[in-house]
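> First the structure, then my questions, so here it is.
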Number of protein chains: 2
Amino acid sequence: MNVINLQQKFSLFSDQWSPKIIGELNGQEVKLAKVQGEFVWHDHANEDEMFFIVKGTLKIEFRDKTVVLNPGEMIIVPRGVEHRPIAEEEVLLMLFEPAAIKHTGDVKHELTVEKYDKI
Amino acid sequence: MNVINLQQKFSLFSDQWSPKIIGELNGQEVKLAKVQGEFVWHDHANEDEMFFIVKGTLKIEFRDKTVVLNPGEMIIVPRGVEHRPIAEEEVLLMLFEPAAIKHTGDVKHELTVEKYDKI
């Protein structure tokens, strides 16, 4: 049971689109990610997913709208809703999601991470 | 499915030790709270609880140690672990915990909130 400092954890990795687990509770995982560029369209059939922005500006495209998220802002993407994150410059973000979640749902892509590292 | 801005949400309330629900996902709730002073010793028998500090310095006493949390830092308190948050000056924090959680576990206290407001 230790204090987790986000800035220190972000300093431990540089690879983008590869979330790292920093905490686990109640079957959920807290992850940090660095992202830049366009991700792949996907959804998670059974998992809601929360994005919290620590640094930078993240756009998330949905089929019917696009939202823009700045530091201190968050969004909960309900299960089954297709989304595609886009970051012109690097974004640092925190994710809350069930431990069972697959990175890109049923979509397979070169960016898909099969197993998350813990840091 | 809207963007949630923490600063805007914090502006909506001023009562301390009374967490407000700002999001729900996967049976979990995301809450914001303003706290100052000493809370009551308690634990949650079946729920892990995450504290993320947005503003200020929060101490959390455990029976065997005390931790100090600053903005951008978090801690996960496992189920069954007694804890007592203390804030000399007002602290703004985000909580991530199961929807079923009771504010002060099985402890009843004048600060105990029975039902959380959504904002």
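> Can you pull out every residue in the range B:30-49 that is in a loop (DSSP other than H, G, I, E, B) and within 12 Å of chain A (Cβ to nearest Cβ)?
Across the range B:30-49, the qualifying residues are B:His44, B:Asn46, B:Glu47, B:Asp48.
> Exactly one condition in (1) under 19 Å from A:Ile4 (Cβ atoms); (2) aromatic (Phe, Trp, Tyr); (3) not in a strand (DSSP E or B) is not met by B:Phe52; state its number.
Among (1) under 19 Å from A:Ile4 (Cβ atoms); (2) aromatic (Phe, Trp, Tyr); (3) not in a strand (DSSP E or B), B:Phe52 violates only (3).
> With respect to B:Lys108, determine if the residue is touching a helix residue (DSSP H, G or I) at 6+ places or on another chain (Cβ under 9 Å), farther than 23 Å from A:Phe10 by Cα and away from chain A (no Cβ under 14 Å).
no
> So, one more: B:Ser14 versus (1) in a loop (DSSP other than H, G, I, E, B); (2) touching an Asp or Glu at 6+ places or on another chain (Cβ under 6 Å): which is the lone unmet condition?
Evaluating B:Ser14 over (1) in a loop (DSSP other than H, G, I, E, B); (2) touching an Asp or Glu at 6+ places or on another chain (Cβ under 6 Å) leaves (2) as the failure.
> Same structure again: Restrict the check to the range B:11-19 and report whether at least one residue is at pLDDT 95 or above and within 14 Å of chain A (Cβ to nearest Cβ).
Yes, the conditions are met somewhere in the range B:11-19.
> Would you tally the residues in the range A:102-118 being at negative phi, surrounded by 14 or more Cβ atoms within 10 Å (Cβ to Cβ) and touching a strand residue (DSSP E or B) at 6+ places or on another chain (Cβ under 7 Å)?
The total comes to 3.
> Please count how many residues of the range B:20-29 are within 12 Å of another protein chain (Cβ to nearest Cβ) and buried (at least 19 other Cβ atoms within 10 Å of the Cβ).
6
> Out of all the residues in the range A:79-99, which are part of a loop (DSSP other than H, G, I, E, B) and either in contact (Cβ under 8 Å) with a residue 60 or more places away in the chain or of a type in the set (D, E, K, R) (or both)?
Hits for the range A:79-99 are A:Arg79, A:Glu82, A:Ala99.
Okay, residues lined up against (1) touching a His at 6+ places or on another chain (Cβ under 7 Å); (2) farther than 16 Å from B:Leu25 by Cβ:
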site	(1), (2)
A:Asn5	no, yes
A:Glu24	no, no
A:His44	no, no
A:Phe51	no, no
A:Phe62	yes, yes
A:His103	no, yes
A:Asp106	no, yes
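> Identify, please: which residue in the range A:30-83 is closer than 27 Å to B:Ser11 by Cβ and charged (D, E, K, R) and is, among those, surrounded by the fewest Cβ atoms within 10 Å (Cβ to Cβ)?
Checked the range A:30-83; the qualifying residue surrounded by the fewest Cβ atoms within 10 Å (Cβ to Cβ) is A:Lys65.
> If I filter the range A:55-71 for residues that are in a loop (DSSP other than H, G, I, E, B), modelled with pLDDT of 95 or more and closer than 30 Å to B:Ala100 by Cβ, do I get at least one hit?
There is no residue in the range A:55-71 that is in a loop (DSSP other than H, G, I, E, B), modelled with pLDDT of 95 or more and closer than 30 Å to B:Ala100 by Cβ.
> Out of all the residues in the range B:63-80, is one or more more than 14 Å from every other protein chain (Cβ to nearest Cβ) and not aliphatic (A, V, I, L, M)?
no
> So, in the range B:15-43, exactly how many residues are over 12 Å from the mean Cα position of the chain (by Cα) and in contact (Cβ under 8 Å) with a residue 24 or more places away in the chain?
10
The values are calculated or read from the model by the stated rules, or taken from the named source; none is laboratory data. Keep in mind it's a predicted model, so treat the numbers as computed, not measured. Here Cβ is always computed from backbone atoms with ideal geometry, including for glycine, and neighbour counts include all displayed protein chains.
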